[in-house]
Structure formats: structure tokens, C-alpha cells
1. Looking at the chain, what % of the alpha carbon pairs are farther apart than 27 Å?
2. Counting Lys +1, Arg +1, Asp -1, Glu -1, what net charge surrounds LYS62 among other residues with beta carbon under 10 Å of its beta carbon?
3. With loop defined by DSSP as not H, G, I, E or B, and exposure as at most 16 other Cβ atoms within 10 Å, which is the longest segment of the chain clear of exposed chymotrypsin sites (Phe, Trp or Tyr not before Pro)?
4. Wrap a convex hull around the Cα atoms of the stretch 204-341, take a quarter of its surface area, and give that in square nanometres.
5. Between LEU22 and LEU151, what FRET efficiency comes out of the Förster formula 1/(1 + (r/R0)^6) with R0 = 51 Å and r the beta carbon distance, rounded to 0.05?
6. Specify the angular offset, from 0 to 90 degrees and rounded to the nearest 10, of the alpha carbon long axis of helix 6-37 from the longest principal axis of the alpha carbons in the chain.
7. Once you've got the Cα coordinates, tell me which of LYS118/LYS178; LYS115/LYS180; LYS62/LYS180; LYS62/LYS96; LYS43/LYS96; LYS72/LYS96 are over 23 Å apart.
8. Would you tally the net charge around ALA218, using a Cβ to Cβ cut-off of less than 13 Å, leaving ALA218 out, and scoring K and R as +1, D and E as -1?
Amino acid sequence: MKTIDGPSKIKIISLMLLSLLLFYSCFVYHNYTVYESIKVVVKKNAAIEYGSGNYDIHEFIKDVEGEIVSVKNEIDTSMVGEQEVLLTVKKENVVKEVPIVLAVVDTVAPAIELKEEKVTITRGDDYDLTSNIQSIYDDVDGDIGYLSEVLDDSVSYYHFDYDPAVIDDVGEHEIVVKAKDKNGNETNHSFVLEVVAPPPVVSFRQTGYTYSNLPPNASGGDLVSIAYSLIGSPYVAGGNGSYGFDCSGFVQYVYSQVGIHVSRSSSTQIYDGVAVSYEEAQPGDILSWGYVDGSPTHSALYVGGGQMVHATNPRQGVIASDVAAWTRGSGTHVISVRRIQ
């Protein structure tokens, strides 16, 4: 029997090892090539709606080299923003974990629910527009709050859009409610504010009893100080708080700061307290303004020396005015002076 000598054995073993090395190298290279070829392409603008209960990850995949066998790091749809998902992809027995990024987005605008589609008020009444809001709710932000002044960067608010120059005129006016959530989604909904003419009101100068020689309002000095401190405050239709005032809301607020209650509208403040003549007006008295027919249109707080402080209009806000000058410029006059005892 022929035998293989030593050098030949070494040569054969070397060839076998080289063959194994080449085979292993080819195997490794093939697997590396397969591994590198595994890719996942996400659809453009792929996003999941906030609060989605169920979703299929395959709906957001445009193309995949291999087979998705499992998903790690499930998306939390209660959080708006980008989130990473780890996919396990298999191809030719090669497994690779591929991260992809999906966004949870909020595209649903706030829901506006009104109490009435049409509201009717009497001219001169101070109507709070927010009182016609049943609810304004957003899935992400929750309840949306009122904002009287909207800035460029304001978010999560609602406000009213209307023409302040004609809002007190008799007729129908469109009030647009605009709501915006923190992610920029907006909703508009409108209602009609109908302003009707008030019934004739007889001025105290014509038939009402006017008291004389009454003691001044005990809180007059405090009322004047508070009124002057509010000069420069904005005019807000329906406002009677520190964020802004309309005319009768301003008077009511000033009195509330000294613990005295007066009614809410110009139409009712003309009956608060007792009537005195303008010649006997004292600081703290309420001046009711109106036309020659006695219809009240405006309320102001007399501060003495022929001066008054009042909430005028959206352009001027709360100012101090000369009573005589206001009479000449406004076309109205003081139809009643009321002293609160």
C-alpha cells in the first residue's frame, strides 16, 4: 500500500484549511452582504394620530428588505412628538434590528359648543360673550380657556372676533369664536348677537324725584383712588374684572373693591341708589349717560371737579374725562346721577 509522506500530508492539510477558510470567508461575506442589505423605508410624512388605540406598523412602511418578525418600543400615542421604534427584520436567516422614527401628531382641532346660536340683548346692556360658551375642549389640551388679547405666540386659547365699532348698534352682529390648541389646530364657530333698542326710559330730570342735601358717599375717596389706579386698563366687551372692563363693568368692579354691590348694566345702574342733581354730584357718584329720550347708553364714575373716570371703547380703554367736554363730543348727556348710600 502506498503511503503519503510527511510533506505531502502537510500540503493536503494546508489546502483543506485554506478551503475551509475560503468557505468561511465567503459565508461571512455573504451574511455581511445580506445584513447590510436589510433596510426599512418609512413612508413620507408617516404619522400616527394622537390617542390612536390600535395601529399596524406595516401601514407606515413603504418598503422593507426582509421580513419584519417583531417590534420593540411600541409607540405611546398619548405623547405628541417623534418616537423611535426598533424592528427586528430577518432575511435568509440573518437577523438585524432596524430603528425607525415615527411621529405622533395632533391634527384634531378643538370642539366648540355654544349655548345658543343667536343671542338677543338690549342696547346698553353689558353682555359677557363668554356666557354663551357651553364648552371648548381639545383632546390634547383639555378645556380651552378664554384669552382677551392674542399674541403671535399664543396657544391653547379661544377668543372672539367681531367689529367693536358697531357691536353696540341696533341690529344683528356676527360673533366669531376662534379656538386654537397648542399644536396649532384651529376651529371657528360663529353665533349672532342681536341688539335691540331699549324701551323708552324717562330721565329723572323729567319726572323722577331728585334728593337734595344728601351726605356724600362714605366710600367716595376710596372709590376715586381705585378708579384712578385703573386708568389705562383695556376695554373688553362684557368685562368686569382686572383683565378689562366695559363701562358698567368698570363701575361695578370699582364698587366691589370697597365691598359695595351695584348692578351690572347701564340700563339698571340708572336705578341703583338714589338720584341727586348733577350740581350736587360728589366723588363716587355714578353718572348715567344717554340721549334726550332718557335711554341710558353709558356709565361712569364721578371723581369731582367736573371730571369722571370710565371705560370708553376698545381704542381708548379706561380714561379720565372732563364731563362737559364728553357731553360736547359724544352727543349724549348725563341723564342721572346716582348716589349709593
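Every number here is computed from the coordinates shown, using simple stated rules; none is lab data. All of these numbers come straight from a predicted model, not from anything done at the bench. We place every Cβ from the backbone using ideal geometry, glycine too, and count neighbours over all the protein chains shown.
1. Working: 36928 of 57970 pairs.
Here the tail beyond 27 Å accounts for 64 percent of pairs.
2. Working: positive: LYS43, LYS44; negative: ASP63.
With Lys, Arg at +1 and Asp, Glu at -1, the net is +1.
3. Working: sites that count: TYR55, TYR162, TYR209, TYR243, TYR271, TYR291.
Result for the longest clean stretch: 56-161.
4. On the way: hull surface 29.4 nm².
For the Cα atoms of the stretch 204-341, the hull's average projected area reads 7.4 nm².
5. Values: r = 72 Å, r/R0 = 1.41.
The formula returns an efficiency of 0.10 here.
6. That works out to roughly 20 degrees.
7. On the way: LYS118/LYS178 17 Å; LYS115/LYS180 20 Å; LYS62/LYS180 33 Å; LYS62/LYS96 18 Å; LYS43/LYS96 20 Å; LYS72/LYS96 13 Å.
Correct reply: LYS62/LYS180.
8. Values: positive: ARG339; negative: ASP222, ASP285.
After counting each charged neighbour, the total is -1.
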